[in-house]
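Values quoted throughout were computed directly from the atomic coordinates according to the rules given, and no laboratory measurement underlies them. Computed from a predicted structure; not experimentally measured. Cβ: placed from backbone, ideal geometry, glycine included. Neighbour counts: every protein chain shown.
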Amino acid sequence: MAPKLAPGSPEWWVERLSSDLDAQARQAIRYELYYDGEQPLPLALSTEQYRREFRDLIAEVRDNWMPLVVDAKAQRLNPVGFRFGEVDADEDANAMWQRNYLDADSKMAHTTALTTGRCPIMVWADKDGEPEITVEHPAHMVVAYAAGGSRRKREAALKRWVDDWSGDTHYNLYLRDGIYKFARSSKGVRRPLTTRAEMVPNPLGVVPVVELRHRLRHRDGLCRSALKEVTSTQDQLNKTLIDMLVAAEFQAFRQRWATGVEPSRDPVTGEPIDPFPTKIDRTWTVPAADAKFGEFGQIDLGVFTGLREHLVQSLASRTATPPHYLISGQTLPNAESVKAAETGLIASVRDAMVPFGETWEEVARLGFAVKSDPRRDEWNAQVIWADPETRSEAEHIDAVLKKRALDVPIYQLWSDAGYTPEQIGRFREMLAAEAAALAAGASPTTEWDQRIREKAETMGALVRSGVLPSSAASVVDLDVSFVDGVRPVTLTPDEGI
């Protein structure tokens, strides 16, 4: 009999979290199979004879819509920077993001979280003492939270993986005081690789693993996959396609009938002999004058396509996926129609931005904690997300320029226009360089004229893109008057320019 483990000990945590990870891994793998189009076929909906006769025909049949449901949201979840305190865009946080390839890995994390319901992210120090941020998989890592309904306070995390060479299963247990490493050999005998005395200390003082959690449920702390409500619909779509293929198979070889024909029998077995062997180069003839031939009616495949379209529409409405993403041939007449069709999707994306943003903010704080930076305790942090809405460039810029009348600072307008913190930083440097050149005594008849020319060219480009001339002049900071009926716009500089 195995010795009883002390609650809270590293060994106790490994045993407890291993069972939790088993359950979490089963759910994660199930939803990822649906996402990848490898979901089990709904053969339970068919008879045994059906499965036996058509198993080879339907073995690889899938009508997979699950990636569209997930990707429609994941493609609009794009962090572009961080704000800490009064800083518009924190350069150190952005450098940390870029150093860990999170432009790419964040997309993978969002897709995993939407598909499976959660995605762990670990923060630790690399060999140079810099923050190392890794996106883990929910089939390999699990996080435990404090008892009593806490949804934020992390008590422990466990990562489990199998060594490809030795076959041993390894366990890394993350607690507030340190990291404990264990292994179970391929023969099933567990051996500790480190003990409490030899543990790797945790200087962060917190469990260095956080989770992207999708649709966290208050009652029990479970997360829900974006596919949870529609896996049954996906099964029905697969079954409909299978039935349509079987029907088409029979339709290609129509069933025929004959009356007034007496088949001959095998003299040995006494079994009837088929008088009409079917071949492409054969004609049926019989001596009986009253014999009649016919064929069964045509199968209406429209029944299956109609059902398929109904199921796809149901899937779209329950997942807030715009119908024109799913239904081929459906076009929307104008930008307003597209915006209206995507209203539910945009609301769903913005809902996901809130918990996902909280997670990325905690990741950034942990990264600063690795470097002993005081921003580890900066709770006034915010993720800067790219605008998830679909808008024409002219419509977007015109809306931004109208904010200028409200005295919104130019830096905020640049952010609203969709420029990244890096681009805005370069804009500031350019403006500072221009100001320095003027302060150094730049000649108004040379550089000043060049600036006026550049502003006029920029304004002309904005007008040609559909922006109102007055708004375009405002954004480039050019004082001009407009002459009605004259094209292109006539520029009238201030006196002294």
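Quick look at the values:
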| read-out | value |
| --- | --- |
| Label-to-label distance, nm, for residues given as D407 and E91 (7 Å Cα→Cβ offset) | 3.0 nm |
| Aspartates and glutamates whose Cα lies under 20 Å from that of K4, excluding same-chain neighbours fewer than 8 positions away | E15, D20 |
| Cut-off 20 Å, label 7 Å out along Cα→Cβ of A6, residues of the range 135-174 by amide N | 155-157, 173-174 |
| Counted charge near E262, where neighbours are those whose Cβ lies closer than 14 Å (Asp, Glu -1; Lys, Arg +1) | 0 |
| Candidate aspartates and glutamates for bridging to K371, where Cα separation is under 20 Å - those fewer than 8 sequence places away on the same chain excluded | D90, E91, D92, D126, D128, E130, E132, D177, E361, E362 |
| Candidates per chymotrypsin sites (Phe, Trp or Tyr not before Pro) in the range 368-417, loop by DSSP, up to 10 other Cβ within 10 Å | W379 |
| Extended-chain gain in nm, criterion 0.36 nm per residue less alpha-carbon gap, D164 and D416 | 85.9 nm |
